[in-house]
1. When you scan segment 165-179, do you find a residue that is within 29 Å of Leu58 (Cα to Cα), in contact with a Pro (Cβ under 8 Å, 6 or more places away or on another chain), open to solvent by 10 Å² or more (accessible area, probe 1.4 Å) and part of a loop (DSSP other than H, G, I, E, B), even just one?
2. Taking the residues in segment 56-114 that are touching a residue at least 60 places away in the same chain (Cβ under 8 Å) and part of a loop (DSSP other than H, G, I, E, B) as candidates, determine which candidate is farthest from the chain's Cα centre (by Cα).
3. What are the residue pairs meeting all of these: first residue in segment 18-29, first residue under 14 Å from Ala247 (Cβ atoms) and among the aliphatic types (A, V, I, L, M), second residue open to solvent by less than 90 Å² (accessible area, probe 1.4 Å) and outside any helix (DSSP H, G or I), Cβ atoms under 8 Å, and 6 or more apart or on different chains?
4. For residues that are closer than 26 Å to Val83 by Cβ, at pLDDT 75 or above and in a loop (DSSP other than H, G, I, E, B), tally how many sit in segment 188-233.
5. Restrict the check to segment 21-36 and report whether at least one residue is surrounded by fewer than 17 Cβ atoms within 10 Å (Cβ to Cβ) and within 27 Å of Leu217 (Cα to Cα).
6. Against the condition in a helix (DSSP H, G or I) and touching a Phe, Trp or Tyr at 6+ places or on another chain (Cβ under 9 Å), how does Ile35 come out, does it pass?
7. What residue, among those in segment 65-84 that are in contact with a Cys (Cβ under 9 Å, 6 or more places away or on another chain) and surrounded by 14 or more Cβ atoms within 10 Å (Cβ to Cβ), is farthest from Phe166 (Cα to Cα)?
8. Looking at Val153, Val135, Val143, can you tell me which residue is under 17 Å from Leu53 (Cβ atoms), among the aliphatic types (A, V, I, L, M) and either modelled with pLDDT of 95 or more or open to solvent by less than 40 Å² (accessible area, probe 1.4 Å) (or both)?
Amino acid sequence: MNNNNIKVIEQAIAPLRQQLQQHPMYTALNNMDDIRLFMEQHVFAVWDFMSLLKALQLDLTCTQVPWQPTSNPTLARFINEIVFGEESDINELGEPKSHFLMYLESMQQVGASTDTILEFLGYLNAGKSIKEALVLINIPDAVKSFIQFTFDVIATNKTHQIAAAFTFGREDLIPDMFMEIIHNAKRSDQKDRYNKLTYYLQRHIDIDGDEHGPLSLQMIEELCQDDAQKWAEVQQVSTEALQKRIALWDSVQLTIESQSLAY
């Protein structure tokens, strides 16, 4: 299949990817207090990623009874593999656990607050909509906008747009300095308070292999085919998703800098 459309999109969003890779938020992360502030906002992105993934699973696999064979077993396998890993991976104790719950436990272990994300989930469990729940919690506007954008894309019910946000919009970069801060904290602390976080980060590095990237691009290609409108929508969603991520990083940076000035 001609992947020239993929190249066009990658070239179009390259400046945004570079902006993310060079974001000053990374240099603002200087110690574990900064990492905690980062995690308290980033946890919402860890959580809403699963809804993007589940929306793709609903569209690309059969989740109904009676079961019917899917039109593209390759993409069905790809999505199911990611769901398997994200929803029921093995934690550092050998127990099945979702990556989201691993992240929550990592936050609790290093002393980051999980109050707001748990409050948010509580509202959802009580029947509140995403929009209603976001109004009721105290998080930066950029975080709210990030989540709302994700669910606006899902609400389109257009699989190619959801796939675009999933494939091009989730640039979760873990710079070396992030890991170095944690390793330094571990060396200076008698207790191993960071094993859950280091395991989580290493697990993401390990499972983010070469296969997933090409398959996600194949997913975009097969969903769009030769439909120029779909390709235009993929580029638009990808651009907006990366802009939302940059705004989220801006918010984290501002929070860290504000906290530093408070001392």
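The values are calculated or read from the model by the stated rules, or taken from the named source; none is laboratory data. From a predicted model like this one, the values you see are computed outputs, not experimental measurements. A quick note on method: Cβ atoms are made from the backbone with ideal geometry, for glycine too, and the neighbour counts reach across all protein chains shown. In case anyone asks, the SASA skips ligands and DNA or RNA and just uses the protein heavy atoms, side chains included. Shrake-Rupley method; radii C 1.70, N 1.55, O 1.52, S 1.80 Å.
1. no
2. In this case the residue turns out to be Asn72.
3. So the pair list comes out as Leu20/Glu171; Leu20/Leu173.
4. 1
5. Looking through segment 21-36, at least one residue is surrounded by fewer than 17 Cβ atoms within 10 Å (Cβ to Cβ) and within 27 Å of Leu217 (Cα to Cα).
6. yes
7. Within segment 65-84, the match that is farthest from Phe166 (Cα to Cα) is Thr70.
8. Residue meeting the stated conditions: Val153.
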